[in-house]
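Here the structure is laid out as structure tokens; the discussion comes afterwards.
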Amino acid sequence: MFKVQKGAAVTERMRLLQIQVFCVLVWTSYTQAQKPVISPTVEVSLGQRTTISCEVGVKDAYAVPFYRQIPGEAPEAILYHHYSWSDPQYGPGMSSAHFTAKVNSAGTGYQLIIKDVQITDAAHYYCAKWYTSVNGYHCDPEPDKNL
């Protein structure tokens with residue numbers, strides 16, 4: 001989670017907007033030992049750059065998606081990245097001007113980078129990993145297990 005803060009003229013609620021980073025269970029019938037682990041809460045001010053890390057454990061053939069969900073709204077696909085791609089692929093309405101991603105050399109660690117954080121970035125963020133054994137994406141539904 002990171003908190004988006006603005007100047008003193010903004011209400012306390014606006015100054016303390018939070019961006020929570022967590023995984024959501026996308027496929028509910030099966031779990032495996034290699035669940036993706038996402039970075040814990042961070043704090044960031046407006047205009048700064050922040051990085052959200054996701055460790056998927058094993059290099060495989062599937063892209064890793066990052067999503068954001070504003071409370072009360074449906075999740076939005078921000079981007080998908082794979083260790084073999086030079087650049088991520090963006091979800092509808094998302095752009096490289098605001099988001100980008102990196103992958104470590106092992107192909108197991110992914111980073112979502114939000115450039116120039118704005119109030120509208122206050123949301124829950126999560127990544128997922130594809131499991132061929134269940135033919136679906138999965139990540140840990142409990143944020144405190146992703147620390």
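Figure legend: label point modelled 7 angstrom from the Cα of V58 along Cα→Cβ; residues of the range 104-131 with amide N under 15 Å from it are 107-109, 129-131. The label-point distance for Q118 and H98, in a model that sets each label 7 Å from Cα toward Cβ, rounds to 0.5 nm. Per-residue Karplus couplings for the range 52-66, computed as 6.51 cos²θ - 1.76 cosθ + 1.60 with θ equal to phi - 60°, are listed in order as 10, 9, 9, 9, 8, x, 9, 6, 9, 8, 10, 5, 9, x, 10 Hz, Gly and Pro entered as x. Scalar couplings 3J(HN,Hα) for the range 128-137, obtained by applying the Karplus form with A = 6.51, B = -1.76, C = 1.60 to θ = phi - 60°, are 9, 10, 7, 10, 5, 5, 10, 6, x, 7 Hz; x denotes Gly and Pro. Taking amide H positions as modeled 1.01 Å from N, with prolines and chain starts lacking one, the residues under 5 Å from Y131 and 5 or more places away or on another chain are G136, Y137, H138.
No value in this document is a laboratory result; all are computed from the given coordinates. As the structure is a computational prediction, the values presented were derived from the model and not from experiment. Virtual Cβ from ideal backbone geometry, glycine too; neighbours counted across all protein chains shown.
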